[in-house]
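Throughout, read-outs are computed from the coordinates displayed, never taken from laboratory work. Only a predicted model underlies this, so the values are computations on that prediction, with no experimental measurement involved. Don't worry about glycine lacking a Cβ; one is built from the backbone with ideal geometry, like all the others, and counts go over all protein chains shown.
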Amino acid sequence: MVNKIAVIGAGLMGAGIAYVSAWNGFNVTVVDIKQEFIDAGMERIRTDVMTGIDKGKISMTDAEGLMSRLNATVNVEEAVKDADLVIEAIFENMDVKKEVFAKVDAAAPAHCILATNTSSLSIDELAGSTKRPDKFIGMHYFSPVPAMKLLELVIGDKTSEETIAAAESVGKTQNKKTVIAKNSPGFIVNRLLMPVMREALLMLERGEATKEEIDLAMTSVGKAPAGPFTLGDFVGLDITFNAMSTLYREIGDCFKPPETLKNLVDAGNIGMKSKKGFYSYGAEEDEPEPPKGADPQWIVERLNIPGVREAMILVDDGVANVEDINMAMKLGASWPMGPFEMLDQLGVDKVRDFIKKLHEDLGDCYSVPKYLG
Ligand SMILES: NC(=O)c1ccc[n+]([C@@H]2O[C@H](COP(=O)([O-])OP(=O)(O)OC[C@H]3O[C@@H](n4cnc5c(N)ncnc54)[C@H](O)[C@@H]3O)[C@@H](O)[C@H]2O)c1
């Protein structure tokens with residue numbers, strides 16, 4: 001039974017995880033390397049609490065209760081010595097994370113579960129830095145943590161059933177919907193988002209449609225809340241590039257980041273946060289390219305079907321099940337429907353023919369998954 005959670009890293013994700021944990025009754029200790037980072041993290045949490053109060057979701061008494069369940073320290077051993085669960089949310093760097101987990105493993109009680117919020121690193125490799133791989137799991141939250149309902153639980157080779165059940169129970173108490181993915185590149189959400197983004201970039205590079213046409217087709221016909229280029233600018237093209245590069249490194253050429261994305265990142269044009277990405281934000285207005293006249297229905301199918309295909313590969317490979325994949329994409333990526341719901345809507349025969357044609361025209365990155373028989 002988890003009561004006390006230690007959160008390592010008081011950055012964007014760590015502060016969010018600490019907030020949803022304390023809000024839902026857990027006793028939380030936050031750790032960072034310097035007092036100033038802790039202060040910044042606590043300030044983030046106070047802002048979330050104030051937003052809750054302003055929206056009428058949190059009463060003053062609840063806010064006091066929440067804050068009384070939160071502690072912070074720069075001493076990691078102190079923070080984890082009586083923890084039931086440690087959730088690590090420090091920089092995305094394998095060596096630094098391994099070093100921290102070795103330290104945490106030595107100081108935490110034997111029953112304590114160790115979790116990482118990594119977006120892209122191998123759970124098995126991280127678990128290997130501890131003497132308790134059976135008690136090691138990925139708990140992948142989405143940003144902003146208080147608002148995003150999804151929690152991907154990432155299961156390593158040695159993660160035990162008890163560990164999965166305990167993490168599921170914590171997620172439920174934190175008011176999250178949990179899905180289970182076996183440790184594999186990109187888990188569920190990033191793995192499925194990247195083919196769609198990549199296809200959009202390749203479509204642009206081939207001159208088949210403009211970015212405005214693609215974004216408009218995906219929102220109007222595809223019913224997505226944002227098209228791929230707007231979404232990329234919002235998330236940050238550096239983050240998108242890193243996610244795609246991880247898949248390229250681990251799976252191969254079918255995920256190679258297109259030149260357009262690499263060039264924007266190299267030039268420091270990483271989206272809204274740098275005021276320029278695919279689009280410009282601020283004083284400078286974009287001059288939209290003349291439309292190519294592509295059929296919006298074709299654009300949507302041409303971008304979504306590779307995402308549906310990737311979802312089928314995850315099921316074929318035993319990474320996740322249909323239900324979890326549908327839920328993950330709706331809650332973690334705001335897809336208007338899950339990929340298997342898209343498959344049902346389009347029809348299996350149509351999707352099989354579509355992929356067969358892509359395979360003939362473009363090669364093995366578009367092979368027909370076993371799922372389609
Ligand atoms: N930002 C996102 O949207 C997002 C989403 C899901 C998962 N993640 C993952 O969450 C993790 C954290 O990301 P973030 O965006 O919160 O980063 P961040 O840079 O906002 O915060 C990282 C924090 O970790 C602290 N830190 C670094 N080394 C430490 C150590 N040895 N001990 C204690 N604290 C240490 C830093 O001082 C910093 O405050 C990464 O693994 C990232 O991949 C991020």
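The table below lists the values:
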quantity	calculated
Taking the convex hull of Cα positions in the range 4-182, its mean projected area over all directions (nm²)	8.8
Ordering of 148-159, 258-269 by burial proxy (mean other Cβ atoms within 10 Å per residue, highest first)	148-159, 258-269
Cα pair count fraction exceeding 19 Å, expressed as % - the range 295-373	32
The range 281-327 versus the range 1-78: alpha-carbon centroid distance in Å	36
Distance cut-off 19 Å, percentage of C-alpha pairs in the range 189-372 lying past it	58
Estimated vicinal HN-Hα couplings, Hz - the range 132-141 in sequence order (Karplus 6.51, -1.76, 1.60; Gly, Pro = x)	9, x, 5, 9, 10, 8, x, 10, 9, 8
Set of lysines near K57 by C-alpha distance (under 29 Å), chain-local residues within fewer than 8 positions excluded	K4, K149, K172, K176, K177, K330
q = 0.11, 0.14, 0.16, 0.21 Å⁻¹, the range 131-238: log10 I(q)/I(0) [Debye, one scatterer per Cα]	-0.48, -0.70, -0.82, -1.08
Degrees separating the helix 296-316 axis from the principal Cα axis of the chain, which is the longest one	50
Overall dimensions of the range 77-131 by Cα: Rg and Dmax, Å	10.4, 29
The chain: angle of helix 322-332 to the longest principal axis, Cα-based, in degrees nearest 10	80
Cα-centre dipole for the chain with unit charges at Cβ (Lys and Arg positive, Asp and Glu negative), debye to 20	680
In degrees, nearest ten, helix 12-23 long axis to first principal axis of the chain (Cα)	60
No Cys partner within the rule (Cβ under 4.7 Å), the chain	C112
Å³ per residue enclosed by the Cα convex hull of the range 187-233	70
Along each principal axis, Cα extent of the chain, largest first, Å	61, 51, 37
